[in-house]
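What follows is one structure encoded as structure tokens, with my remarks underneath.
The values are calculated or read from the model by the stated rules, or taken from the named source; none is laboratory data. The model shown is predicted, which means the values in this text are computed figures rather than measured ones. FYI the Cβ positions are ideal-geometry reconstructions off the backbone, even for glycines, and counts take in every protein chain you see.
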Amino acid sequence: MHICIGGDLDGEVVSSREKTFFEASVIDPSKTSTYNRQTYIVGENTYYFWLCAEVPYADTTKIANNYLAEKYKYLS
């Protein structure tokens, strides 16, 4: 998925990053958020999200879980 959660790039898909973190300024110099890649494993599937480091982890994780719940709602 590689969806950014929170911060300057909220909701944008950023899949070209190879590291486990990046600063939004590499995409747009006017942006200041920092993102950490978080891996979620659901069954045999692996999903990646970029969680904004400036937003509480509990909040970003809840949003990521909502994305996954929505995706799996249509698969069941």
Looking at segment 31-47, can you tell me whether even one residue there is exposed (fewer than 13 other Cβ atoms within 10 Å of the Cβ) and in contact with an Asp or Glu (Cβ under 8 Å, 6 or more places away or on another chain)?
yes
Within segment 36-52, can you find the residues that are modelled with pLDDT of 95 or more and among the aliphatic types (A, V, I, L, M)?
Leu51
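If the requirement is being surrounded by 16 or more Cβ atoms within 10 Å (Cβ to Cβ), over 16 Å from Met1 (Cβ atoms) and not hydroxyl-bearing (Ser, Thr, Tyr), which of these qualifies: Ala24, Ala58?
The match here is Ala24.
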